[in-house]
Amino acid sequence: MVKKHYYTWTDVENMCQSIINQMYKDDWRPDYIVGITRGGNVPATILSNMTGIRCETIKISLRDDYSDSNCRSDAARMYDDAKLGKNILVVDDINDTGATFNWLTRDLGLIHSNIRFATLTENLSSSFDRVNYYCHEVNKAEKDVWLVYPWENVGVYYGSN
């Protein structure tokens, strides 16, 4: 049986504040924040509200084998913005396998020094090793754990079977 780790809303707020503190310690501030749907939308919005920095979304769902042409155009716009000197923070709830961030950077070419990545949770066994800001570490290769964020802990939860 897989162990579950439940995050509270207070945990998430504290983690978002920690990400902000890490950015400011680096003397880095994004011009805008991009939340990856679905899991990155909530922390991206909280970061936006805490900093007053605008927030956008990009829809990527590799787990459901879905990404659309709008995602490619959004990524191209972010790349162009970064080339123009804009700082962009890409946010997801977890860097789990690394597939999402690898798809953005490898397949879409979203690699630029002005683009940084933040997650609430960093899986140390992920294939993507360039997350700049995170708050909680797990290593699913050593000990499998199912992470449940507060926005997922409502109603019937299909991922817990």
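The values are calculated or read from the model by the stated rules, or taken from the named source; none is laboratory data. All values reported here derive from a predicted model rather than from experimental measurement. Cβ: placed from backbone, ideal geometry, glycine included. Neighbour counts: every protein chain shown.
Numbers below:
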{"item": "Some residue of the range 111-134 being modelled with pLDDT under 90 and surrounded by fewer than 16 Cβ atoms within 10 Å (Cβ to Cβ)", "result": "yes"}
{"item": "Residue that is surrounded by the most Cβ atoms within 10 Å (Cβ to Cβ) [pool: residues in the range 4-49 that are of a type in the set (Lys, Arg) and more than 26 Å from Gly85 (Cβ to Cβ)]", "result": "Arg38"}
{"item": "Failed criterion for Leu104 (all others in (1) modelled with pLDDT under 90; (2) surrounded by fewer than 19 Cβ atoms within 10 Å (Cβ to Cβ); (3) within 13 Å of the chain's Cα centre (by Cα) hold)", "result": "(2)"}
